[in-house]
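Undergrad: One structure follows; several queries about it will come next.
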Amino acid sequence: MPRIAEPVQNFPLTDAASRARRVDAARATPLEGPPPVTDTPEPTKAHFRSDVTVDLVKSAAGDSDVLFAARVSTAGEQSLEEVTKDPERSKGLINYLMRDRHGSPFEHNSMTFFISAPIFVFREFMRHRVGWSYNEESGRYRELEPVFYVPGESRKLIQQGRPGKYEFVEGTPEQHTLTSRAMEDSYRQAYDAYQEMLAAGVAREVARAVLPVGLFSTMYATCNARSLMHFLGLRTQHEMAKVPSFPQREIEMVGEQMEQHWQTLMPLTHAAFNKNGRVAP
């Protein structure tokens, strides 16, 4: 007697098959609820500044330094007496040296400043080489912080006139708003690219190439009074200056703070500098 085929039964799915079918369904059906977490970095928390800072780190500078250096030419070893004497009694000699541009006595002193300013200020700064020493923060050896320069409301924006004979005048509120917005947007974009490269393992010395010159940096700058006077003669405007100067405002801000420190250390030398037209001897 022939066997009759039994009907096929629908056995329940195994656990593995059930999981596979649920996964396929999930892929085909959009999920509701919050979006999945991604690795997108947070927006850059940049800091924007319109100031610069100058700190006097150490100094060996006084008006008596000028006097003993000058008197050695006529007094020899007796010039050492000037170290302990009140320099006020010899301010006429300091003025004479400044007026007739006997410069070397103004070199026997030292001042070291710690400066925080935009990179473009330091690029101008380092054109001053004689009588100066510099050491700056390195973008090769440390990750640079997102601190950027944006001009304040007092910064004049409009240049009028031809090179060598021009002036700056106030910008409009709209120009200031545009300048701030454009700079801040550009800075954030550049720093995000910098961070993206660092996160991908790109070396700091390569990644830093995308950063703008408006980034803040720090450096030590060491000089003597003569080299500082030459710097101030070129990088500051002053009503007592015989020779006009047209410095960029940001480096002038650094120069003004350095001059305040120097004036405290060497008041007689500073006064003679002003009296004689702010021309370095």
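Undergrad: Loop only per DSSP, at most 14 neighbouring Cβ atoms within 10 Å: give me the GluC sites (Glu not before Pro) in region 207-272, ordered by residue number.
TA: Working: sites: Glu239, Glu250, Glu252, Glu256, Glu259; in loops: Glu239.
Those satisfying the criteria are Glu239.
Undergrad: Right, something else. Largest first, how would His128, His102 line up by accessible area (1.4 Å probe)? Walk me through the numbers before you get to the answer.
TA: Numbers: His128 15, His102 80 Å².
Order by accessible area, largest first: His102, His128.
Undergrad: DSSP loop (so not H, G, I, E, B), at most 15 other Cβ within 10 Å: list which GluC sites (Glu not before Pro) in region 81-182 pass both filters.
TA: Working: sites: Glu81, Glu82, Glu88, Glu107, Glu124, Glu136, Glu137, Glu143, Glu153, Glu167, Glu170, Glu174; in loops: Glu137, Glu143, Glu153, Glu170.
When the GluC sites (Glu not before Pro) of region 81-182 are filtered for loop state and at most 15 Cβ neighbours within 10 Å, Glu143, Glu153, Glu170 remain.
Undergrad: Let me ask something else. Do any trypsin sites (Lys or Arg not before Pro) in region 123-213 lie in a loop, going by DSSP, with at most 13 other beta-carbon atoms within 10 Å of their beta carbon, and if so which? List each step's numbers first, then the result.
TA: Details: sites: Arg123, Arg127, Arg129, Arg140, Arg142, Arg155, Lys156, Lys165, Arg181, Arg188, Arg204, Arg208; in loops: Arg127, Arg129, Arg140, Arg142, Arg155, Lys156.
Here the trypsin sites (Lys or Arg not before Pro) that fit, given the DSSP loop and packing criteria, are Arg127, Arg129, Arg140, Arg142, Lys156.
Undergrad: Let me ask something additional. For Ala193 and Ser110, what does the FRET efficiency come to when R0 = 41 Å and r is the distance between their Cβ atoms, rounded to the nearest 0.05?
TA: Numbers: r = 41 Å, r/R0 = 1.00.
Given R0 = 41 Å and the Cβ-Cβ separation, E is 0.50.
Undergrad: Given Lys58/Lys165; Lys85/Lys275; Lys45/Lys165; Lys45/Lys156; Lys58/Lys85; Lys91/Lys165, which pairs have Cα atoms separated by over 30 Å?
TA: Numbers: Lys58/Lys165 39 Å; Lys85/Lys275 24 Å; Lys45/Lys165 40 Å; Lys45/Lys156 27 Å; Lys58/Lys85 23 Å; Lys91/Lys165 37 Å.
Cα-Cα > 30 Å for Lys58/Lys165; Lys45/Lys165; Lys91/Lys165; rest within.
Undergrad: Could you compute Rg(Cα) / (2.2 N^0.38 Å) for region 143-206, with N its residue count?
TA: Values: Rg = 16.8 Å, N = 64, 2.2 N^0.38 = 10.7 Å.
Rounded to two decimals, the normalised Rg is 1.57.
Undergrad: Using only Cα atoms, what Kirkwood radius does region 100-166 have, in angstroms?
TA: Details: mean 1/r = 0.0612 Å⁻¹.
Over region 100-166, the inverse of the mean reciprocal pair distance is 16.3 Å.
Undergrad: Please compute the Kirkwood hydrodynamic radius of region 220-281 from all pairs of different C-alpha atoms, in Å with one decimal. Walk me through the numbers on the way to the answer.
TA: On the way: mean 1/r = 0.0862 Å⁻¹.
About 11.6 Å for region 220-281.
Undergrad: For region 86-132, compute Rh as the Kirkwood radius over C-alpha pairs and then the Stokes-Einstein diffusion coefficient at 4 °C and 1.567 mPa s; write the answer in µm²/s, rounded to an integer. Spell out each step's value before the answer.
TA: Working: Rh = 13.6 Å.
After rounding, the answer is 95 µm²/s.
Undergrad: How big, in percent, is the set of alpha carbon pairs in region 75-218 lying more than 25 Å apart? Spell out each step's value before the answer.
TA: Working: 5801 of 10296 pairs.
Tail of the P(r) past 25 Å holds 56 percent of the pairs.
Undergrad: Give me the extension gain from Ser180 to Asn274: residue separation times 0.36 nm, minus the current Cα-Cα distance, reported in nm with one decimal.
TA: On the way: separation 94, 0.36 × 94 = 33.84 nm, distance 3.66 nm.
Value of the extension gain: 30.2 nm.
The values are calculated or read from the model by the stated rules, or taken from the named source; none is laboratory data. Bear in mind that the values here come from a model prediction, so they are computed numbers and not experimental data. Methodologically, a virtual Cβ is constructed for each residue, glycine included, from the backbone with ideal geometry; neighbour enumeration extends over all protein chains shown. Keep in mind that these areas ignore ligands, DNA and RNA; they rest on the heavy atoms of the full protein, side chains included. Shrake-Rupley method; radii C 1.70, N 1.55, O 1.52, S 1.80 Å.
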